[in-house]
1. Considering each of S370, S363 in turn, give the residue that is outside any helix (DSSP H, G or I) and modelled with pLDDT under 95.
2. Residue under question is E113, and the condition is that it be surrounded by 21 or more Cβ atoms within 10 Å (Cβ to Cβ), free of Cβ contacts under 8 Å to residues at least 40 places away in the same chain and charged (D, E, K, R); does it hold?
3. So which pairs qualify, if the first residue must be in the stretch 273-285 and touching a residue at least 60 places away in the same chain (Cβ under 8 Å), the second must be charged (D, E, K, R) and loosely packed, with under 14 Cβ neighbours inside 10 Å, the Cβ gap must be under 8 Å, and the two must be at least 6 apart or on different chains?
4. For the stretch 379-433, how many residues meet the condition of being part of a loop (DSSP other than H, G, I, E, B), farther than 18 Å from I360 by Cα and either modelled with pLDDT under 95 or of a type in the set (F, W, Y) (or both)?
5. Of all the residues that make up the stretch 273-284, how many are under 24 Å from the mean Cα position of the chain (by Cα) and surrounded by fewer than 20 Cβ atoms within 10 Å (Cβ to Cβ)?
6. Is it true that L150 is closer than 20 Å to A277 by Cβ, buried (at least 20 other Cβ atoms within 10 Å of the Cβ), hydrophobic (A, V, I, L, M, F, W, C) and in contact (Cβ under 8 Å) with a residue 24 or more places away in the chain?
7. Quickly run through the stretch 233-262 and pick out the residues that are small (G, A, S), over 19 Å from K332 (Cβ atoms) and part of a helix (DSSP H, G or I).
8. I'm trying to understand the selection: among the residues of the stretch 55-78, which are in contact (Cβ under 8 Å) with a residue 60 or more places away in the chain, among the charged types (D, E, K, R) and assigned to a helix (DSSP H, G or I)?
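The values are calculated or read from the model by the stated rules, or taken from the named source; none is laboratory data. From a predicted model like this one, the values you see are computed outputs, not experimental measurements. So basically every Cβ, Gly included, is an ideal-geometry build from the backbone, and we count neighbours across all protein chains shown.
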Amino acid sequence: MKRLPLFSVLCFALSVACESPPEKSEFPKDFRFGTAIAGFQTEMGCPSVPKAECEYASDWAEYVTRPELRAKPGLYLSGDPLSAGPGFFELYPQDIALAAQQLHNNSLRLSIEWGRVFPTATDGINDMDALKQAASKPALAFYHRVFSELKKQGIKPLVTLIHYALPTWLHDAYGCHVDLAGCKNRGWLDRARIVRESAKYAAFLGREFGGEVDDWATLNEPFTAVILAGYVFPTEQRTQPPAVVLEAEAARAVLLSEIEAHARMYDALKGADRMDAAGDQTPVRVGVVYNLQAVAPVDPENPLDVEGAKHFDYLLNRVFLNATIEGDLDEKLDGEKVHRQDLAHRMDFVGVNYYARNVIPGSAKALLPSLSPLTTFNFLTLETDFHYPRGLYEVLVSLKEKGLPLIVTETGVEDAQDSGKSAAWVSDSLSWVLRAISEGVRVEGYHYWTLMDNYEWNHGMRIKMGLYAVSPNDPQKKRIARKGVSVYSQIAQTRMLPQ
């Protein structure tokens, strides 16, 4: 009997969209294999470190723990306490060892949490030495320890500055949910303040950690999560503070604030980080982590559906990157662009997050010429396909024309029952990455989401996407390998796709 390859068996058994890997099965020698984590999602939940040291204040911490919000049905909050988290703040040495020694990874994407480093407001503090005095000494020491451990284990960090969570002194999650127009600390809606303070934060981190970090990402998923889930249409799948509905003008204002903030953080890091941590003659690279979604029309023969998919792709996947790469800003979201040189070329690489394909009806054209007609667009008509790994290839190829290096900064699948979905996704998605590379797309690395089960935003610990499960009954929060570990380990160690 002819024996089927592991790749084919997994695809058949799990009924996921798979195609055969490309003929070339070897990854480039400098390709980075890694996983991705985020501070808010992983740091809390220490087994023995006191809560006051382990936890920190942020808008997300308030959002998921405030009783008035937790009790509100439309916010879909799990109610899990922060103590349910996996405790990376304490257990980082063992987690980094798993990544290096079991997964054979040479890269880890993680974040430095703004609210942990600066628990009090930094308005008016402009001198870097004074800023360091205002920073939390334990927080700085923690991140230095993490970077030291990564270096010891041969893992290069890719660091996100703002992975959603904002300090409470900058964003009042509860107050802005209740009264968006009247709340005091308005986060992304206070453009002048957040652009100024985020640039200052970036400069400080570049100066403090430049000797340990060369690759920085300013923001994580600025459109699909921050804007759609926060200001347009919170759903059970995802909510985000302030979690208000159909605030179209606020959504547009947030997008413009994020574009401006990214550019100014880019400039700040370029000016502050002068140290070459990796010894490769490149002291600093700055990009963004952007969630790109594969897009297809419901009916490719229907001109309205084709046009709707085109508009959806433009708004979700193109507007932010057009502004920060080419400097072409579509301020009114009407397709009319104005060139701004102070935004252009503020991107050294693009971090690509990919999870799903959206199949779009013709009504998506309501997204343009502005966000205001969103009330006519029924999001429930979208078909979101989370079992379409080919979409990773599609979004990578779509960025080839930008001419920038690409890094897969997140991709993964939920696998709570350890059914083999994580193994199939690792193998299949990496095969599509290799196909993109074979077609000349500059893909430098791949990071699976995520290393261990974590506090998955409004879902708490109830969505499990880790290569390692976190034992719910073990007070030490033992990590347990899922099937994806052995497959990813083999690929990373051999730098070859399984045959």
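1. On the way: S363 fails: outside any helix (DSSP H, G or I).
Of S370, S363, the one residue that is outside any helix (DSSP H, G or I) and modelled with pLDDT under 95 is S370.
2. On the way: surrounded by 21 or more Cβ atoms within 10 Å (Cβ to Cβ): yes; free of Cβ contacts under 8 Å to residues at least 40 places away in the same chain: no; charged (D, E, K, R): yes.
The answer is no for E113.
3. Going by the 8 Å Cβ cut-off, the qualifying pairs are P283/R274; V284/R274.
4. Selection size over the stretch 379-433: 0.
5. Residues of the stretch 273-284 that are under 24 Å from the mean Cα position of the chain (by Cα), as a first pass: 273, 277-278, 282-284.
Add one more test, that the residue is surrounded by fewer than 20 Cβ atoms within 10 Å (Cβ to Cβ), and what stays is 278, 282-283.
Number of matching residues: 3.
6. Details: closer than 20 Å to A277 by Cβ: yes; buried (at least 20 other Cβ atoms within 10 Å of the Cβ): yes; hydrophobic (A, V, I, L, M, F, W, C): yes; in contact (Cβ under 8 Å) with a residue 24 or more places away in the chain: yes.
Criteria met by L150.
7. From the stretch 233-262, those small (G, A, S) are 243, 248, 250-251, 253, 257, 261; that's our starting set.
So of that shortlist, the ones also over 19 Å from K332 (Cβ atoms) come out as 243, 261.
Matches in the stretch 233-262: A261 only.
8. Of the stretch 55-78, the ones in contact (Cβ under 8 Å) with a residue 60 or more places away in the chain are 56-64, 66, 68-69, 74-78.
Of the ones still in play, those that are also among the charged types (D, E, K, R) are 59, 62, 66, 68.
If the condition is that a residue be in contact (Cβ under 8 Å) with a residue 60 or more places away in the chain, among the charged types (D, E, K, R) and assigned to a helix (DSSP H, G or I), then D59, E62, E68 are the ones that fit.
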